[in-house]
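Read through the structure below, which is laid out as structure tokens, and then see the notes.
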Amino acid sequence: MNITLEQWKSEFISGVAKYANNKKIADNLRDAFPFPYTDTDAQFYVNDCIEKGDDNQLCRGIVVDGECVGSIGIFVQNDVYRKSGELGYWLGEPFWNKGIMSAAINQICEEAFEHFGIIRIFAEPFAHNIGSRKVLEKAGFTLEGEMKNSVCKNDKIYDSCLYALLK
């Protein structure tokens, strides 16, 4: 299995549309990630990543054997948080539990620390998303805390966690 992180290109739209249209994925992400996830959503997302480039963000397609099967990005914060970046990601369900995401996180974090001169990368998974939490821990992130009743998803209130990786 050949796994790479690649800059976005229009050829990735079909893979994004195919793998992002999954309720299990959407249920663990912010509401900005729609379900159902349509071809139009995929076109908008990929084109937006292409247009924004690497200015204050690193967004990459997760490509396995030539097909885009997920997305990962680090978004530099602003104001007093300007030395921090937020990590976000998703991966198509057929590729879960294969070590792909931990490797992708390691690679993009290294690149972001170098490219932006940030000193901290954080992620905020829902507390019940054990898979995402394990991926972060495997990639060297430390649990800094659990925030009670901090998110509302699908009209339900959940806890979330704050994980961070320091340079």
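With springs only between Cα atoms under 10 Å, which of Tyr19, Tyr45, Tyr81 fluctuates most in a Gaussian network model of the chain?
Tyr81
I'd like the trypsin sites (Lys or Arg not before Pro) in region 59-105 restricted to DSSP loop residues with at most 14 other Cβ atoms within 10 Å, sorted by number.
Answer in residue order: Arg82, Lys83, Lys98.
Return a whole-number percent for the relative contact order of the chain, with Cα pairs under 8 Å and 6 or more residues apart as the contact set.
19
Size of the dipole of region 16-167 about the Cα centre, Lys and Arg at +1 and Asp and Glu at -1 on the beta carbon, nothing else charged, in debye to 20? Don't jump to the answer; show the numbers that get you there.
Working: 17 positive and 22 negative charges, 95 e Å.
Around 460 debye, computed over region 16-167.
Find the lysine pairs in region 3-117 meeting two conditions, Cα atoms under 20 Å apart and a separation of 8 or more places or different chains, and report how many there are.
5
Given the options Val16, Pro36, Ile119, identify the residue whose Cα lies farthest towards the positive end of the charge dipole of the chain (+1 on Cβ of Lys, Arg; -1 on Cβ of Asp, Glu).
Ile119
Are there cysteines in the chain with no second cysteine's Cβ under 4.7 Å away, and if so, which?
Among the cysteines of the chain, those whose Cβ sits 4.7 Å or more from every other are Cys68, Cys109, Cys152, Cys161.
Every number here is computed from the coordinates shown, using simple stated rules; none is lab data. The shown structure was predicted, so the numbers you read here are calculated from the model rather than taken from an experiment. Neighbour counts run over all protein chains shown; Cβ positions are idealised from the backbone, glycine included.
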